[in-house]
Structures are given as C-alpha cells and as structure tokens.
Amino acid sequence: MTKKLLHGSEAICEGAIRNGCRAFFGYPITPQSLVPEYMSVAMPKVGGVFIQAESEVSAINMVHGAAGAGVRAMTSSSSPGMSLKMEGISYIACAQIPCVIISIMRSGPGLGGILPYQGDYFQSTKGGGHGDYRLIVLAPANVQEACDFTYQAFDISDKYRIPVMILGDGMLAQMMEPVELPPMRDLNTIPKKDWATDGGTGKDKRLVSSLRIDANDMETFLNSQQELYNALAHTECRYENYLVEDAEIILTAYGPLWRICKSAIDALRSQGIQAGGVRPITVFPFPTANFKELTKKKSIKVFLTVELSLGQMVEDVRLAVNGKKPVEFYGRTGGNVPTEMEIAEKAVAVLNKLKGK
C-alpha cells in the first residue's frame with residue numbers, strides 16, 4: 001500500500017476514486033471545498049467526470065442522473081448546502097439509487113461557521129428530506145477512516161441500493177494524518193447493475209423512478225424499505241467499545257470528538273475512576289442493541305453523551321438505554337471543542353451527583 005500525508009478531505013477523495021467513483025458533482029462551500037478542488041484535478045486523470053454545478057440543487061440532481069445510469073457517483077457539501085440537496089436526496093432514496101454523499105458540518109444554523117460542530121446529526125440520521133427514508137451514515141474519527149469508510153461506502157451503497165453518507169466536520173476535513181491508501185480497484189470487478197438505465201439496444205426496458213402515486217404501491221414500498229432499514233441494524237451496524245468490562249460510567253461520542261473522549265477515559269482511569277466508552281461508527285443504523293446489552297451490566301451506573309451540539313445523538317442513546325440507567329449530556333457549541341480534562345471533570349461531576357455528593 002502507498003502511504004501519504006493527507007487532509008481528511010483529500011483522504012475522502014482518494015477513497016472514492018480508488019473504489020471506482022468516476023463522476024463527481026459539487027459546489028464550493030467551506031469547510032468541504034477541498035473535496036471538489038481535489039476531485040477537479042484527480043477525476044480527469046482516471047477518466048472520470050468532474051462538474052462544478054451552478055448550485056447544490058443542480059449537483060445532487062446530476063448525481064441522480066449519473067448514478068441512475070449505473071456510474072459510481074459522489075457529491076459533497078456543508079450544512080446550508082446539504083439542506084439544499086435534501087429534496088434531491090429524498091428522490092434518490094425513493095428511486096433506490098446508490099450513491100455517496102459527503103457531509104462536512106458547519107457550526108450553527110443559518111450560514112454557520114467553519115469550526116468543528118455536530119449540529120447536523122438529526123438531518124443526517126433521520127433522513128433529512130421529506131418522507132420516510134433513511135441513509136446509511138458512517139462517521140469517521142480520523143483521516144485513515146475517512147479514506148477507508150468512503151472506499152467501503154460505494155460497495156455498501158451498491159449492495160443495498162441506499163445512498164450512503166460520510167458525516168464529518170471541520171476538524172476531520174482539515175486535519176492532516178498519514179494514510180495507507182487502498183489499491184486502485186479494477187473497474188471490471190465492480191458488479192454490473194442490471195437495473196441501471198445505461199442505454200443500448202436489445203435490452204429489456206428499464207425504469208428508475210420515484211413516482212409512486214398509488215397509495216398501496218407506496219405503502220408496500222415504504223414497508224419493504226423499513227424492513228431493509230431494520231435488517232441493517234444486524235448487517236451494517238458498527239461501533240467501538242472501550243474499557244466497558246468494569247466501567248461505572250460510559251462516555252459516548254462519535255467522529256473526531258471520540259478521540260478526545262477516549263483520552264478523557266484514560267485520564268479518569270489514571271485517577272482510579274472506572275470509565276469506559278462507546279463510539280457509534282454507523283450513526284445510522286445506530287448501535288441500539290449494544291447499548292441495551294451494556295445496561296445489563298451491574299457495574300455501569302450512568303451514561304454520559306458528549307457532543308459538539310446542544311444535544312442530538314443523546315436522544316438515540318436515551319432511546320437505546322430505555323430508562324434502564326441515567327443518561328447525562330455534555331455539549332459545546334459554536335465551534336468550541338472540549339479538552340480531555342474538561343470532559344473528565346464533567347464525568348466526575350456526574351458521578352458525584354449520582355452518589356449525592
């Protein structure tokens with residue numbers, strides 16, 4: 001394997017290109033602008049297509065067309081831009097078209113800022129656009145995972161015919177770390193899509209559409225999709241448990257913030273406090289079953305969810321824990337990132353509160 005020092009954004013691009021992405025459509029908005037910039041240079045070198053669309057709306061509809069024709073296609077944006085893409089994403093999901101979407105979150109509503117933030121968790125994991133649909137959402141914690149998860153996303157998306165999102169923020173997009181790059185995929189080894197509208201004579205008629213006017217037809221489709229989403233909890237759910245065996249407090253975080261929480265857990269352990277942690281890697285499907293299992297441990301007294309938001313993932317943690325244990329929350333906003341000691345102090349305060357100190 002080739003090892004390179006890359007930004008998170010560049011690693012995302014390499015992961016996409018090396019697993020057959022040959023069409024990229026995007027529009028610049030920080031902190032993800034390095035993605036289209038990198039793709040504008042890299043795609044022509046591999047015989048791919050790069051288009052800077054006139055808007056985010058145009059970009060997602062270009063993905064719709066290219067991916068519907070069977071091409072491995074990708075787009076990227078940041079918070080306000082992702083909001084503009086949501087109608088197109090809903091249409092793509094309803095048409096069961098596989099593609100990969102990169103969401104690099106900005107800090108705050110409205111225009112927001114470019115600092116690290118996790119305020120788009122709801123938008124990303126609950127569908128985001130109109131109608132009952134979900135995306136598979138992977139949340140890398142480091143630059144290596146940014147590459148690897150994007151590479152894997154194309155195979156996952158093709159397998160289930162569901163769009164896959166890579167969810168990051170300014171911290172992931174801008175940090176630089178060494179990355180072992182996967183080998184370039186032979187395009188001939190990518191399974192053919194017998195449903196794709198790829199043209200040609202002598203073929204059966206193919207139709208890729210999100211038009212389902214009949215009530216029974218739409219209900220049947222939505223129920224079958226829900227069955228698939230439920231199955232994903234068993235086939236594609238990913239998480240990391242850290243020192244949970246004897247833990248009395250479980251810290252939960254995702255993305256690069258997990259790395260800080262992990263250091264906080266180590267710091268707590270050095271003080272004699274039995275801390276552990278859970279990191280959801282797929283934030284959809286959420287690792288609900290893992291949390292349910294942890295609630296059975298007598299040693300665990302409380303869960304503490306840490307986010308760069310006012311509290312979004314914590315709702316999924318509370319649903320998973322289902323009242324079996326207390327769930328506390330600690331969040332920073334506006335682009336502020338807590339230190340490991342700040343998180344450790346919050347954990348101590350939570351334990352003291354629980355013990356009536």
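A few points about this structure:
Here is a yes/no grid of residues against (1) of a type in the set (Asp, Glu); (2) within 21 Å of the chain's Cα centre (by Cα); (3) over 21 Å from Gly108 (Cα atoms):
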site: Tyr38; (1), (2), (3): no, yes, yes
site: Val41; (1), (2), (3): no, no, yes
site: Val46; (1), (2), (3): no, no, yes
site: Ile51; (1), (2), (3): no, no, yes
site: Glu56; (1), (2), (3): yes, yes, no
site: Met62; (1), (2), (3): no, no, yes
site: Val71; (1), (2), (3): no, no, yes
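- Note on the stretch 91-115: among residues that are open to solvent by 10 Å² or more (accessible area, probe 1.4 Å) and among the polar types (S, T, N, Q), the one that is farthest from Arg212 (Cα to Cα) is Ser107.
- The condition (being at negative phi and open to solvent by 10 Å² or more (accessible area, probe 1.4 Å)) is satisfied by just one residue among Ile250, Ile300, Ile260: Ile260.
- Residue list for the stretch 313-329, restricted to those being open to solvent by 10 Å² or more (accessible area, probe 1.4 Å), within 22 Å of Gly108 (Cα to Cα), touching a residue at least 24 places away in the same chain (Cβ under 8 Å) and in a helix (DSSP H, G or I): Asp316
- Enumeration of residues in the stretch 180-216 that are under 28 Å from the mean Cα position of the chain (by Cα) and aliphatic (A, V, I, L, M): Leu181, Met184, Leu187, Ile190, Ala196, Val208, Leu211
- Residues of the stretch 188-221 that are assigned to a loop (DSSP other than H, G, I, E, B), under 29 Å from Asp132 (Cβ atoms) and open to solvent by less than 70 Å² (accessible area, probe 1.4 Å): Lys193, Trp195, Ala196, Thr197, Val208, Ser209, Ser210, Arg212.
- Listing of helices (runs of 4 or more DSSP H) fully contained in the stretch 31-145 that carry 1 or more residues being in contact with a Pro (Cβ under 7 Å, 6 or more places away or on another chain), more than 28 Å from Glu227 (Cβ to Cβ) and at pLDDT 95 or above: 34-45
- Close pairs (6 angstrom Cβ cut-off, 6 or more residues apart or separate chains): free of Cβ contacts under 8 Å to residues at least 40 places away in the same chain in the stretch 33-61, surrounded by fewer than 20 Cβ atoms within 10 Å (Cβ to Cβ) and among the hydroxyl-bearing types (Ser, Thr, Tyr) anywhere: Phe50/Ser40
- Restricting the stretch 6-51 to residues that are surrounded by 19 or more Cβ atoms within 10 Å (Cβ to Cβ) and acidic (Asp, Glu), the residue that is nearest to Ala66 (Cα to Cα): Glu14
- Scan of the stretch 247-263 for residues that are closer than 21 Å to Gly168 by Cα and among the hydrophobic types (A, V, I, L, M, F, W, C), ordered by number: Leu251, Ala253, Leu257, Trp258, Ile260, Cys261
- Residues in the stretch 146-187 that are closer than 21 Å to Tyr133 by Cβ, open to solvent by less than 40 Å² (accessible area, probe 1.4 Å) and outside any helix (DSSP H, G or I): Ile162, Pro163, Val164, Met165, Ile166, Leu167.
The values are calculated or read from the model by the stated rules, or taken from the named source; none is laboratory data. As the structure is a computational prediction, the values presented were derived from the model and not from experiment. Quick reminder, even Gly has a Cβ in these numbers, built from the backbone with ideal geometry, and neighbours come from all protein chains shown. To get the accessible areas, we keep the full protein, side chains included, count just its heavy atoms, and leave off ligands, DNA and RNA. Shrake-Rupley method; radii C 1.70, N 1.55, O 1.52, S 1.80 Å.
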